[in-house]
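Asks: Below is a structure I'd like to ask you about.
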Amino acid sequence: MSGPKINPSLLIASGLGSGFFPIAPGTAGSLAALPPGIALLLLPGWVLPMAILSITLLGLWAVTQEGRGHPGEWDPPWVVIDEWAGQWMAMLPLASPRPLGVLAAFALFRFFDIVKPGPVGWADRQPGAAGVMADDLIAGLLAAGVLWAVESRYPDLLVISHG
């Protein structure tokens, strides 16, 4: 007797299963993305951008695979690979994984992902895997922009500068 078949696209789309958390799966997915995101911050500066690109491409593939045969259901609550990509995007300005910076990146990303202002809301309404991934990547960019703006006004608050 063999065990259940592991479905790689389901595993990736669900953020290694974090999207199956019964309460607030998007927030659970974002929280689950923090430990690997923190680990990526400890590596050379080029690694996090490459990881964002890689997880985005994997996410596009996985969401496409999981969305086949389910028209109109591209973004069920358990699909959180987009939250992983967006959360890592929000962490991009951090020079090191200091608690206040990580907390700010998390809170700002969740704010923009939930409220969906302007381009985030527009991207969220786009069909298919690209729309699923794009709104969270844009929310992550907005969060990163706020972190950079805070750093320019209060340089020692978050210690996010790479210089």
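The values are calculated or read from the model by the stated rules, or taken from the named source; none is laboratory data. Because the structure is predicted, anything quoted here is derived from the model rather than measured. Every residue, glycine among them, receives a Cβ derived from its backbone with ideal geometry; neighbour counts consider all protein chains shown.
Asks: Given the residues 83, 66, 73, which is the only one that is surrounded by 17 or more Cβ atoms within 10 Å (Cβ to Cβ), farther than 20 Å from residue 40 by Cα and either of a type in the set (D, E, K, R) or touching a His at 6+ places or on another chain (Cβ under 6 Å) (or both)? Working first, answer last.
Replies: Working: 83 fails: farther than 20 Å from residue 40 by Cα; 73 fails: surrounded by 17 or more Cβ atoms within 10 Å (Cβ to Cβ).
It is 66.
Asks: Taking region 9-42 as the search range and keeping residues that are closer than 21 Å to residue 143 by Cβ and assigned to a loop (DSSP other than H, G, I, E, B), which one is farthest from the chain's Cα centre (by Cα)? Before you say what the answer is, go through the steps one by one.
Replies: Filtering region 9-42 down to residues closer than 21 Å to residue 143 by Cβ leaves 15, 18-19, 24-42.
With the extra rule that they be assigned to a loop (DSSP other than H, G, I, E, B), the set shrinks to 15, 24, 42.
On the way: 15: 10, 24: 15, 42: 18 Å.
Within region 9-42, the match that is farthest from the chain's Cα centre (by Cα) is 42.
Asks: Of all the residues that make up region 77-92, how many are over 9 Å from the mean Cα position of the chain (by Cα) and small (Gly, Ala, Ser)? Show your work before the answer.
Replies: Of region 77-92, the ones over 9 Å from the mean Cα position of the chain (by Cα) are 77-79, 91-92.
Applying the additional criterion that residues be small (Gly, Ala, Ser) yields none.
So the answer is 0.
Asks: With the structure loaded, tell me whether residue 94 is modelled with pLDDT under 95, on the phi < 0 side of the Ramachandran plot and either basic (Lys, Arg) or crowded, with 23+ Cβ neighbours inside 10 Å (or both) or whether it fails that test.
Replies: yes
Asks: May I ask you to list the residues in region 105-163 that are modelled with pLDDT of 95 or more and among the acidic types (Asp, Glu)?
Replies: Passing the criteria: 113, 135, 136.
Asks: Further question: Which of the residues spanning region 11-46 are farther than 13 Å from residue 94 by Cα, in contact with a helix residue (DSSP H, G or I) (Cβ under 6 Å, 6 or more places away or on another chain) and among the hydrophobic types (A, V, I, L, M, F, W, C)?
Replies: 12, 13, 21, 28, 32, 33
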